[in-house]
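Structure first, then comments.
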Amino acid sequence: MSKVISFQIPKSEKTFIQFQEDRGKYFYNKLHQHPQAQLTLIIEGRGQFLVGDYVGRFGPGDMYLLGESIPHVFRSDGEYFREERGLTVAGNTIFFDFQALGTALEEVEEFHELAKLSEKITGSFQLQGEMRDKIATLLSGFGAFTGISKLHQSLAILSLLDFNSTDLKALNQIPVLRTMSEREGRRMDHVMRFILDNCARHISLEEVAEQAYMSKEAFCRFFKLRTRRTFTQYVQQLRITEAKKLLLETDKSISEISFEVGFQTLSHFNKSFKLLTEMTPKDWRKLE
């Protein structure tokens, strides 16, 4: 029997910095949250990144900064779950628990800048360009550091976070919905997994509401409050995100792709794609 991991990931009360190396067939694929801020570098693997109200894709070289207690999941593509493909993923993450520092953040003068930084990490961000490259260099070999050298390396990484730089791209609308209860989190995870597994076909509102054990009306309120989108808008965003990948990575026709990701007509696909990307599918494919 597989171990059930809580939606709320527990934290250590006495550790400011935790380093984690993820190596395996796929990334942890359940929606979850934790009280620490998180800096993640994707080394290997591709998939969909869902955090707060953001829906996008991740791939090798991508780096993300997440605020504390924001529900998120790095959902590996379906091919990573197929044994015969032999695919693997890799990622390195540093967790920063500002709460573990307690009153020192405000009382110790040298920590004042750190306190201000923690207040700025209010959503999720993608790190790009020179900032990403410098931090990736500091992350290299991070697991070998201990004690003061580990703290020094961590502070060096945090000092590179410039929220006025275009290298730090905000992914969420502000304010970001943070912290779901255990019950809400488990329900949302179940709904998200159902949507992700079935978004290539027609999913009725009645069907997804049943997955949440709610009436249609209650589900619509529950879902929009947590994603800032209607159920229909969210599914449409997932389909367009998948289409963007297929347009760049395959030679399939635009018509084939539109039906494969779940659109019933090519005209609806073209209109939706243009609305969400400000480009036509044909122009997007030229970006390759």
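Since every read-out is calculated from the coordinates, none of them should be taken as a lab result. Nothing here was measured: the structure is a model prediction, and the numbers come from that model. Cβ sites come from the backbone with ideal geometry, for glycine too, and all protein chains shown count toward neighbours.
The angle between the Cα long axis of helix 147-159 and the main principal axis of the chain comes to about 50°, on a 0 to 90 degree scale.
Subtracting the Cα-Cα distance of F81 and E21 from 0.36 nm times their residue separation leaves 19.7 nm of extension gain. Both radii were evaluated on the Cα set of the chain; the Rg over Rh quotient, with Rh as the Kirkwood radius, amounts to 0.98. Normalising the average separation of contacting C-alpha pairs (under 8 angstrom, six or more residues apart) by the number of residues puts the relative contact order of the range 199-285 at 27 percent.
Do you know the relative contact order of the range 1-135, to the nearest whole percent, from alpha carbon pairs under 8 angstrom that are 6+ apart? Please list the in-between numbers first.
Values: 264 pairs, mean separation 41.8, N = 135.
Taking the mean separation of contacting Cα pairs over the length of the range 1-135, I get 31 percent.
In degrees between 0 and 90, to the nearest 10, how far off the longest principal axis of the chain does helix 216-227 point, with axes built from Cα atoms? The two axes meet at around 40 degrees.
Subtracting the Cα-Cα distance of E210 and T137 from 0.36 nm times their residue separation leaves 21.6 nm of extension gain.
What FRET efficiency, computed as 1/(1 + (r/R0)^6) with R0 = 30 Å and r the Cβ-Cβ distance, is obtained for E130 and E249, rounded to the nearest 0.05? Write out the running numbers ahead of the final one.
Details: r = 27 Å, r/R0 = 0.91.
Calculated value: 0.65.
At q = 0.27 Å⁻¹ the log10 of I(q)/I(0) for the range 41-112 amounts to -1.23, computed by Debye summation with a single uniform scatterer per C-alpha, solvent ignored. Taking 0.36 nm per residue of separation and subtracting the Cα-Cα distance, full extension of the segment from K30 to T265 would add 81.4 nm.
Note on the range 199-285: with charges restricted to the Cβ of Lys and Arg (+1) and Asp and Glu (-1), its dipole about the Cα centre is near 360 debye.
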